[in-house]
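Have a look at the structure below before the remarks.
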Amino acid sequence: MKADFDSEANALGIELIEVDRWDDGDEFDEYYCNIAFLKGRLVYIGLLYPSENLDLLKKVAQVYDLDSDALLAAAQAALAAPDRAVTVSDRLAV
């Protein structure tokens, strides 16, 4: 999973799976959260004003059966290291 916080746009993007393109996108929340799909699978979450709207990640996780703790960890890492991609992996380093 890759997360990137654009400090100028005040927007967070989380790529659940790296893909070249999406098939479809939709609003999850009317104002602050967008999601995108590839072949019916959720692959991207976009969040405006993320520091005020992290709770929306928990809601997305609940609806799409995702690990909310991992989403929040990726978001917090991206917020801590703005304007560059942060990768979060569930693999143990050897």
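Observations
- Full extension of the chain between residue 48 and residue 69 gives 5.6 nm of extra length, using 0.36 nm per residue less the Cα-Cα distance.
- Ellipsoid equivalent to the chain - semi-axes via the Cα gyration tensor, in Å: 18, 17, 13
- Using a simple spin-label model with pseudo-atoms 7 Å out from Cα toward Cβ, residue 21 and residue 62 lie 3.5 nm apart.
- Ranking of 39, 59 by neighbouring Cβ atoms within 10 Å, starting from the fewest: 39, 59.
- Mean Cα-pair separation over length for the chain, i.e. relative contact order, pairs under 8 Å, 6 or more apart, %: 34 percent
FYI, it's all coordinate maths here, none of it is from the lab. Predicted, not measured: the structure shown is a model, and the values here were computed from it. Positions of Cβ are generated from backbone atoms using ideal geometry, with glycine treated the same way; all protein chains shown enter the neighbour counts.
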